[in-house]
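Note sheet for the following structure.
The values are calculated or read from the model by the stated rules, or taken from the named source; none is laboratory data. All of these numbers come straight from a predicted model, not from anything done at the bench. Using ideal geometry, Cβ is built from the backbone for each residue, glycine included, and neighbour counts are taken over all protein chains shown. These accessible areas exclude ligands, DNA and RNA; they are computed on the full protein's heavy atoms, side chains included. Shrake-Rupley method; radii C 1.70, N 1.55, O 1.52, S 1.80 Å.
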Amino acid sequence: AGATLSFPSDETLLVLGEAPELARALHAALSAAGIRAVHVLPGQKTRRVAPDRYEVNLTRDADVRRLADEIRRGGSGRVGGLVNLLTLTDSMRKRGLNGLQAPLRLVRWLTNVDRTFEDDIRASSDRGGGWLLNLTTLDVRFCLRGRGELPVAQAGSLCFFKSLAREWRGTRLKNVDLDPQADPQALVVGLIQELSAWDDTVEVGIDGEGRWRLELEDAPLAGDAADDLTAGLDRDAVVLATGGARGITAEVLKDLAARTGARLVVIGRTPEPAEEPEGLASLARLEDLRGHLLAEMRRADPSVLPAQVEARVEEVLRDRAIRRNLQAFRDAGSVVEYHAVDVRDSKSFGALIDGLYERHGRIDGVIHGAGRIEDRWLKDKTLESLARVFETKVTSAMVLARKLRPESLRFLAFFSSVSGRFGNAGQTDYSAANEYLNKLAAHLDRIWPGRVVSMAWGPWDAGMVPDGLRAAYRQRGIELIPVASGVRSFVDEIAHLEMHQPEVVLTCTPDRIAAGTDPVS
């Protein structure tokens with residue numbers, strides 16, 4: 001309806017994947033605007049199948065680089081932007097969890113493609129290009145409409161691109177959630193209008209009713225529900241917590257133990273540490289501990305590196321935190337089980353859950369707090385690191401979704417991050433994983449009777465925040481969540497069993513975090 005597109009005439013728009021009718025209509029609209037598009041389909045090997053059309057093994061970094069060479073040799077010019085239709089293929093539009101590999105495969109593909117064409121796309125930003133258009137078919141309202149099952153595998157693409165746009169300053173991002181039943185021509189009209197305007201709205205829904213956008217709403221909980229939780233969870237109850245021996249999950253479990261005395265089943269990556277040797281246990285000051293370990297390690301190997309000493313210091317501090325927290329749970333009145341399991345191992349993690357039902361006959365509540373951060377700029381990420389970060393949250397969450405018995409479960413709480421709502425520079429993998437948790441919670445909330453919620457936490461004022469990062473938060477005007485306030489917010493959220501608000505943001509200064517670029521999780 002009169003919308004015009006502005007894109008560098010000597011550059012190419014890369015279109016990943018294909019939803020046939022929509023792709024044809026979009027291609028026609030781009031051609032009419034004088035924009036050249038190169039279409040890339042996932043395949044087993046890299047080959048040109050038609051003019052401006054390729055099949056590429058997107059999992060292989062070398063194959064994507066070969067695609068870049070082919071495009072340059074073909075005279076298509078620099079790639080000045082990207083349209084992601086990979087989420088609209090038949091396999092990705094399948095409703096439900098869609099297997100263990102689909103979400104990770106999508107983020108791997110996007111990582112390989114975007115880092116290959118990063119220099120071109122970023123350079124194009126100064127010439128009117130730098131387009132990043134990501135299309136999904138979640139429910140037009142990004143899983144917040146509240147009806148039907150969801151194609152959850154698409155979810156990670158949303159915050160992947162939100163993080164990428166923060167990292168690649170100057171690029172233009174649109175996440176557009178489409179109605180798959182709408183007329184493709186009408187959808188393309190809406191897309192062209194979005195591409196011609198490029199306002200600051202990065203999440204837009206388009207259907208037959210019009211254009212929708214998300215807004216963060218302040219929604220305090222009504223009343224005091226803490227007593228309801230205490231009445232519902234007693235000493236016979238079983239609460240499972242991944243990543244529960246340290247960090248904010250441990251702070252929450254201390255409160256749950258004191259309130260309810262419920263049995264706590266705590267899962268961590270490392271074995272439960274033995275008692276600390278007396279020579280170490282007496283060293284409370286960090287400087288004394290570091291000096292002792294340095295001398296000890298130098299006696300064994302005079303060429304020991306400072307990084308090796310620091311790794312040993314971190315190991316001792318980690319073990320101390322685990323011992324201290326497990327004892328605090330017991331002192332508060334809970335029976336505690338600790339299991340060393342890699343939650344990325346779906347077979348082992350699933351067997352542990354089955355075993356809990358066999359031994360206890362119940363699991364009343366679950367806190368999924370496991371997470372891993374390996375922040376790197378996109379160009380520096382490895383696929384191995386990406387998989388560790390992504391699967392720690394996502395694969396384990398899918399195991400929980402498959403193995404838990406919803407008819408007897410009071411609550412399932414995913415500990416997500418504000419980076420899964422706003423994105424974060426250097427955290428494309430971590431942000432995508434947290435966004436997946438957000439949308440998985442929305443999916444399960446529609447089909448399970450208990451409370452399912454993904455809590456996108458801001459940074460807590462707890463020991464896990466280094467002094468340097470704490471100072472950076474202060475400089476940016478970001479307030480840390482007091483531990484007592486964070487714990488109480490958790491209790492109030494899961495106590496409202498009847499509430500269907502599966503995605504919540506819990507932070508002191510959301511506006512500041514939304515505007516920032518530094519990691520905040």
| Dipole in debye (nearest 20) - the range 371-521, about Cα centre, beta carbon charges: Lys, Arg +1; Asp, Glu -1 | 260 debye
| request: Could you work out how far helix 467-476 tilts from the main Cα principal axis of the chain, as a 0 to 90 degree angle to the nearest 10? | output: 50 degrees
| note | Heavy-atom accessible area of the chain with neighbours in place, 1.4 angstrom probe: carbon+sulfur share in percent works out to 47 percent
| How high is the relative contact order of the chain, in percent, counting Cα pairs under 8 Å that sit 6 or more residues apart? | 14 percent
| task | Compare R474, R388, R451, R285 by solvent-accessible area with a 1.4 Å probe and give them largest first, with all protein chains kept in place. | result | R474, R285, R388, R451
| message | Take A311 and L100, extend 7 Å from each Cα along the Cα→Cβ direction, and tell me the distance between the two endpoints in nm. | response | 2.8 nm
| remark: Rounded to whole angstrom, the alpha-carbon centroid of the range 434-497 lies from that of the range 73-106 at a distance of 30 Å
| Heavy-atom accessible area per residue, the range 418-489, 1.4 Å probe: how many Å²? | 29 Å²
| query | Extension gain A387-A340, at 0.36 nm per residue separation less the Cα-Cα distance, in nm? | reply | 14.9 nm
| message | Before I look further, what does the range 303-366 give for accessible area per residue, probe 1.4 Å, in whole square angstrom? | response | 48 Å²
| said: What does the extension gain come out to for L286 and R73, with contour length at 0.36 nm per residue minus their alpha carbon separation? | reply: 70.9 nm
| Estimated dipole of the chain in Debye, rounded to 20 [Cβ of Lys and Arg +1, of Asp and Glu -1, Cα centre] | 1180 debye
| Net charge of Cβ neighbours under 12 Å - reference N434; Lys, Arg +1; Asp, Glu -1 | +2
| field | Of K94/K254; K94/K347; K347/K379; K379/K403; K254/K393; K174/K393, pairs whose Cα-Cα distance is over 30 Å | value | K94/K254; K347/K379; K379/K403
| query | Once both axes come from the Cα atoms, what is the angle between helix 61-73 and the longest principal axis of the chain, in degrees from 0 to 90, rounded to 10? | reply | 20 degrees
| query | Which of the peptides 368-376, 65-73 is most tightly packed, and how do the rest follow, going by the mean number of other Cβ atoms within 10 Å of each residue? | reply | 368-376, 65-73
| request: Order S346, S163, most accessible first, counting only protein heavy atoms with a 1.4 angstrom probe. | output: S346, S163
| request: Can you give me the three principal axis dimensions of the chain from its C-alpha atoms, in Å, biggest first? | output: 74, 60, 44
| query | Mind checking the dipole of the range 137-272: about its Cα centre, +1 per Lys or Arg Cβ, -1 per Asp or Glu Cβ, Debye to the nearest 20? | reply | 620 debye
| task | Could you work out how far helix 20-32 tilts from the main Cα principal axis of the chain, as a 0 to 90 degree angle to the nearest 10? | result | 60 degrees
| message | Can you give the FRET efficiency to the nearest 0.05 for R298 and S408, using r as the Cβ-Cβ distance and R₀ = 51 Å? | response | 0.35
